[in-house]
Amino acid sequence: MPTTRPPSLLTAAAALAGLLLVIGCARKGGCTGDYCGTLVIATGGEPDVLLPAVSDRAITRDVTDQLFLKLADLGPSGNTIGDEDFQPLLAERWEWDTPTTLVFHLDPRARWQDGRAVTAADVAFTYDIYTDSLVRSPFRPSLRHIAAVTTRDSLTVVFRFRQRFPEMFYAAVYHMRILPSHLLREVPRSQWRSAAFGRAPVGDGPYRFVAWRAGESLELAADSTFFLGRPHLRRLIWRFTADQQVAVTQLVAHDADAVEVLVTPDNRERARADTQLAIYPYKGAAYGYVGFNLAAPGDTTKPHPLFSDRELRRALVMSVDRGALVHTVFGDMAKVPPGPMSQLYWIWDPETRELAHDSARAARSLTRLGWVDSDGDGIRDRDGHPLAFRLLVPTTSAVRRQYARFLQEQFRTMGIDVQLDEVDFSVFNERARAGRFDALINVWNTDPTPSSGIPESWTRAGFGRSNYGRYENPAFERVLDRAVAAVSSRDEAKRTWRAALELLNQDAPAIFLFATENYAALHKRIVDVRIRPDSWLALVRTWRIPADRLTDRDRVER
Amino acid sequence: MAAWLVRRLAASIAIVWAVVTLTFLIVHLAHGSPCGQPDGRPIAPEVCADLTRRFGLDRPLGVQYVKYLGALLRGDLGESLSLHRPVADALADTLPNTFMLALTALILDFTLGLALGVYQAARERRFSDIALGNAALFVNSMPTFWLGLVLLLVFGQRLGWFPVGGLRDLVLCPRVDSLPCAADFAWHLALPALTLGLVGAANTARYQRAALLDVVRQDFVRTARAKGLPERRVLLVHALRNALLPLITLFGLSFPFLLTGAVLVETVFAWPGMGLLAVNAILQRDYPIVTAAALVASVMVVLGNLLADALYGVADPRIRARAT
Amino acid sequence: MNVGNWLAVGGAAVLALVAVVEIRRRVGTGAPGRRFFRHPTAAPAVFVLGFFVTVALAAPLVTPYQPYLQIDITRLANHPPSSQFPLGTDPFGRDVWSRLVFGARISLGIGALAMLVAVTTGVVVGGVAGYFRRWVDATLMRLVDVGLAMPRMFMLLMVVALWEHVPLAVLVLLIGLTGWFGTSRLVRAEVLSVREREFVAAARSLGAEPARVILRHVLPNAAAPIIVSAALGIGNVMLLEAGLSFLGMGVPSPAPSWGNMIADGWPKMAVAPWCSTVPGLAISLVVMALNAVADALRDALDPRKETA
């Protein structure tokens, strides 16, 4: 007799038990030994194009640093001055012919993953690309002290500098990831961002590209023939999530093995409460700020109707209680930076003079500029125009969205109307780069030293690249150059840096909101974890999972 | 019957064509050429050239329309601006996931709803009927995504009985090609399908209860009772068979609900179906995907109605008799 | 919440109760009224709706804080419910109760406005189609078929994707303009049946203009399904607005809507579940009340039952 009665409780229970049993007996792979392991990294944010020359996204750098090699890499001390503390990578040794001539000898074992040898021609080609104005690499300003890169023979490259300065070696090796000239020569210079190679790259690094499912995951596999030592972890899989908060949730649910930053105190608590996770604190290389667009949105030839006014910008900076915001959002996991710097920068000096939070003074300033609430709607206006602007924020960062709402309210109490433009990360980056915004909340993952990062983002050389707000101040740039070139003592250099940044702070091109301390969280089974603060996955090829702690995911062979 | 079905089919095709035209007009209204995007994002010159050639963007509107129709008939839905691959490929990857979700939700919906409706009808006006009826009304009134959030929080995060979103274990089961992987897929499917299914079941239960009570009052049921047949048999065999017709209507009407619900539920559970694809595409202003998704959704709605009509014709002999 | 607020809330509840009693007294004697109140959920539903509407209208009286005021972001964010904050605070230190009440204004307002647009359009289209018949009817009904074929959410999402910045007013209008299709069919059916009745034929033969005939003779008889679909329509719009706000495309910050309150609370769901749970419950309650009222109305106004 046909019946539509729901199945009895017993049958349901039996079915459920059977299902669980089946799930439990998951397929076991065959990999055993020291070179197995799958690292699943959960991250909110996705690479744009896997070509290091054209992308300034931190997540892109995380991936491409496994695919492409630099000539030499930073050592464990993080010292960027001189060349003693650097580790050979693509270059096995180097010497100085003259104080301004640096000669690299490439390691003859280095191979591209299609079999061809890495030659000096590749290095020269890479330099050409990084400095080509058509390619518009964001790293170009950092390479301005290099006069020329030439080849002496197939394994010898010569760098000539314009002048001597303490971080010459760093400038030569840190920014450029060497690219395969034989595969990229034909790509038209203006179309690098959309090149097919950027979605299926071929490199010479410890890992090979396997697959990239847009919006879902990206997979790299270890190159067992890597000349500097076979990576222990067989596979790296990045899992893209809606934002960092979801990434942490996945980590806690053990769907992922690693997360770069826990961001907030409650996430840290969740990770601490989980006995299978280990937390790794490291110096944060990130700082976040509200950047003002000094040019008119969409038309860089005209000044911005509001933000070209220095006094207005200064009043806005003084309106915000940055200390309270940092405390609310990050707890003890971030500080208010005294300028455009992360906690990693050695120039961090809490004595640096900046505009303090002073709403009364800000209010007086605004009134003096003519911004008064003449129609009683709570928003200041002048000549019929309200004091209003739009704040651009990416939806992938819960922190920035939180800040946006807090700032919106703090500005409202000052009589300033702020509307939020919350857009996807790629739209955010495109609009930022094109200058189509009033103000935005941006976060930079900085280099280990300020001499490259600060010119990229805050000088004229960064126009059309990382200097989204188009701020320039020749006086600032002069002092900046002196600071970068300062050969004398560290303290002397620090004082010069401080002077430069105080100049910048007085101009108020941005409101510097937070500089984080980072806490990475990894599954306990991963050992030998070494995290370099400027690039947390730089040393992932040395991480490993002991053979007796392999899980099913680790043993899968593919 | 066949003639009637053919007429309905023709009407459906006409509707789909009208939707296609409407979509084309709307896209054109927003901005005439894909080489100029709403947020001014520059498109690579060769992509622009290819689009111009394919759709005749420099020609009059009529020509563009014809080319657009031609491309659609060829299965060319354009190129995604954010995923850098053909839209048809992206849809082909995600549509099966939405289909699985919707199908499972539909099964849950109808089995739960039917069971509940019958149970309530059997206990008409008694406390269990009223209580369940109100509970069903409440569930039906919930925002679907909110129910999903609550289920995810309680059963996913707090209790850990189900995964916190996603389609599958990326590492162990990149394809569903074995029994454990099928089980893993089902385990990931459980919460999202339950979310959609519960809300639908509440609705189905209400309709089914009303339909059954209506039928029960009719003559043939009284006859069956008079014959001395047990109440359960009367209800389940005689009454239910006739009260199943509204289910067919509900089946047809459920497609729009499932598609809309899929958008929100897939977002909450990070389920990579067509809904999530559309949402991500919107956030990235990737309009080729969004318009394609809207088109596909419309086609599915029309198909659903067609199917419901056909089933109705099969189920109800009165309609069949009228049609021939 | 201070004493004044509690008194105001109590007053709103009393007012709603009084309204229900009054309605029952005046309307409940006639046959439709009795049928309406025979539903056990009808009276509570009217009370719930009355309460929320009263509270929304009297928002400044009932709430101690302004909805966008971040009271103390360092100490009072994600605060659990207490005597000062009966529903707790959200991640931005804003009072959830205050935001709920002002959010009621916006969510109910959007629901009512969009429903008005939808019902008006539906009535006009359905009325014209049913009255004039032939090719007017055929064209309009094909249009309705097309409209019904496109799921509402996808239509709205498509518009949001294509235009960079859609103002809220336009969005509300669009929500209304995508929701009239069902209503127009209902109205058309009613108009078709009423049209043939004698008094309409009489009016037409006397030379009355179509608009006048529709408005004065046809529509009042078709009122029942229109009212029912209006009640359901508000509920649907509220759910739609909640979904859009959750996706980030609805009411922009800092204005509260029940939908974006859920979205605001989602990242902190594990730590402070009340921020997302409370507005969700509110939506469910109000939509449930609307559905219950619609059910009862359908029964009450059913012309078939008139003659029974």
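Quick look at the numbers
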| item | result |
| --- | --- |
| Residue match in segment B:72-92 (condition: within 13 Å of chain A (Cβ to nearest Cβ), farther than 30 Å from B:L29 by Cα, part of a helix (DSSP H, G or I) and in contact (Cβ under 8 Å) with a residue 60 or more places away in the chain) | no |
| Checking A:A15 against (1) open to solvent by 50 Å² or more (accessible area, probe 1.4 Å); (2) modelled with pLDDT of 80 or more, the condition it does not meet | (2) |
| Counted residues, segment A:368-383 - those being open to solvent by less than 70 Å² (accessible area, probe 1.4 Å) and either within 35 Å of the chain's Cα centre (by Cα) or over 17 Å from A:A508 (Cβ atoms) (or both) | 8 |
| Members of segment C:55-96 found to be outside any loop (DSSP other than H, G, I, E, B), out of contact with any Phe, Trp or Tyr (no Cβ under 7 Å at 6 or more places or on another chain) and surrounded by 22 or more Cβ atoms within 10 Å (Cβ to Cβ), listed by number | C:V55, C:V62, C:T89 |
| Criterion (under 26 Å from C:A255 (Cα atoms) and in contact (Cβ under 8 Å) with a residue 12 or more places away in the chain) met by exactly one of C:V9, C:V46, C:V20 | C:V9 |
| Positions within segment C:140-177 being farther than 25 Å from A:V423 by Cα and either buried (at least 20 other Cβ atoms within 10 Å of the Cβ) or facing chain B (nearest Cβ under 10 Å) (or both), in sequence order | C:R142, C:L143, C:V144, C:D145, C:V146, C:G147, C:L148, C:A149, C:M150, C:G176 |
| Breaking point among (1) in contact with a His (Cβ under 8 Å, 6 or more places away or on another chain); (2) within 11 Å of another protein chain (Cβ to nearest Cβ); (3) open to solvent by less than 20 Å² (accessible area, probe 1.4 Å), for C:A296 | (2) |
| Among residues of segment B:157-166, those that are surrounded by 21 or more Cβ atoms within 10 Å (Cβ to Cβ) and out of contact with any Asp or Glu (no Cβ under 8 Å at 6 or more places or on another chain), counted | 2 |
| Candidate set from segment A:419-453 (those that are among the β-branched types (V, I, T) and within 9 Å of another protein chain (Cβ to nearest Cβ)); member that is nearest to A:P166 (Cα to Cα) | A:V427 |
| Failed item, numbered, when C:V287 is tested on (1) in contact with a Phe, Trp or Tyr (Cβ under 6 Å, 6 or more places away or on another chain); (2) without any contact (Cβ under 8 Å) to a residue 60 or more places away in the chain; (3) aliphatic (A, V, I, L, M); (4) at the interface with another protein chain (Cβ under 8 Å from one of its Cβ atoms) | (1) |
| Test for A:S142: is it under 18 Å from A:R61 (Cα atoms), assigned to a helix (DSSP H, G or I) and of a type in the set (G, A, S) | yes |
| Residues of segment A:390-433 classified as among the small types (G, A, S) and in a helix (DSSP H, G or I), total | 4 |
| Pair list, Cβ < 7 Å and 6+ apart or interchain, from segment B:94-108 residues that are among the β-branched types (V, I, T) to residues that are in a helix (DSSP H, G or I) | B:T94/B:M274; B:T94/B:L277; B:T98/B:A262; B:T98/B:M274; B:T98/B:G275; B:T104/B:L189; B:T104/B:A193 |
| Residue in segment B:184-194 that is under 22 Å from the mean Cα position of the chain (by Cα), open to solvent by 30 Å² or more (accessible area, probe 1.4 Å) and within 14 Å of chain C (Cβ to nearest Cβ) present | no |
| Check on C:A272, touching a residue at least 40 places away in the same chain (Cβ under 8 Å), under 22 Å from B:L149 (Cβ atoms), within 11 Å of another protein chain (Cβ to nearest Cβ) and under 18 Å from the mean Cα position of the chain (by Cα) | no |
| Every residue from segment A:261-284 that is among the aliphatic types (A, V, I, L, M) and modelled with pLDDT of 90 or more | A:V261, A:L262, A:A271, A:A273, A:L277, A:A278, A:I279 |
| Any hit, segment A:301-316, residues being within 23 Å of A:T241 (Cα to Cα) and either modelled with pLDDT of 90 or more or buried (at least 23 other Cβ atoms within 10 Å of the Cβ) (or both) | no |
| Test for C:V278: is it at negative phi, at pLDDT 90 or above, of a type outside the set (D, E) and crowded, with 19+ Cβ neighbours inside 10 Å | yes |
| Filter pass, A:E269 being over 28 Å from A:R555 (Cα atoms), among the acidic types (D, E) and open to solvent by 10 Å² or more (accessible area, probe 1.4 Å) | yes |
| Residues within segment A:192-215 that are within 11 Å of chain B (Cβ to nearest Cβ), not aliphatic (A, V, I, L, M) and not in a strand (DSSP E or B), tallied | 6 |
| Test: B:T223 is closer than 15 Å to B:G113 by Cβ and either modelled with pLDDT of 70 or more or surrounded by fewer than 17 Cβ atoms within 10 Å (Cβ to Cβ) (or both) | no |
| Matching residues in segment A:235-266 - criterion: being within 15 Å of B:L170 (Cα to Cα), open to solvent by 10 Å² or more (accessible area, probe 1.4 Å) and more than 9 Å from chain B (Cβ to nearest Cβ) | A:F240, A:H254 |
| Any hit, segment A:66-76, residues being away from chain B (no Cβ under 14 Å) and assigned to a strand (DSSP E or B) | yes |
| Subset of segment B:99-154 [more than 10 Å from chain C (Cβ to nearest Cβ), hydroxyl-bearing (S, T, Y) and either under 21 Å from the mean Cα position of the chain (by Cα) or not in a helix (DSSP H, G or I) (or both)] | B:T104, B:T111 |
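Here is a yes/no grid of residues against (1) of a type outside the set (D, E); (2) more than 20 Å from B:A18 (Cα to Cα):
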residue	(1), (2)
C:V128	yes, yes
C:A138	yes, no
C:G147	yes, no
C:W180	yes, no
C:R185	yes, no
C:E190	no, yes
C:G207	yes, yes
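Each row is one residue, and each column tells you yes or no for (1) crowded, with 19+ Cβ neighbours inside 10 Å; (2) under 26 Å from the mean Cα position of the chain (by Cα).
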site: A:G75; (1), (2): no, yes
site: A:G78; (1), (2): no, yes
site: A:F86; (1), (2): yes, yes
site: A:T126; (1), (2): yes, yes
site: A:I129; (1), (2): yes, yes
site: A:D132; (1), (2): no, yes
site: A:R152; (1), (2): no, no
site: A:V158; (1), (2): no, no
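Per-residue answers, yes or no, for (1) acidic (D, E); (2) within 23 Å of A:A499 (Cβ to Cβ); (3) assigned to a helix (DSSP H, G or I); (4) within 14 Å of another protein chain (Cβ to nearest Cβ):
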site	(1), (2), (3), (4)
A:L325	no, no, yes, yes
A:S342	no, yes, no, no
A:Y345	no, yes, no, no
A:T352	no, yes, no, no
A:A356	no, yes, no, no
A:R364	no, no, yes, no
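The values are calculated or read from the model by the stated rules, or taken from the named source; none is laboratory data. Everything quoted here is computed from the prediction, not taken from an experiment. As a convention, Cβ positions derive from the backbone with ideal geometry for all residues, glycine included, and neighbour counts pool all protein chains shown. Quick note on the areas: whole protein, heavy atoms, side chains included, nothing else; ligands and nucleic acids left out. Shrake-Rupley method; radii C 1.70, N 1.55, O 1.52, S 1.80 Å.
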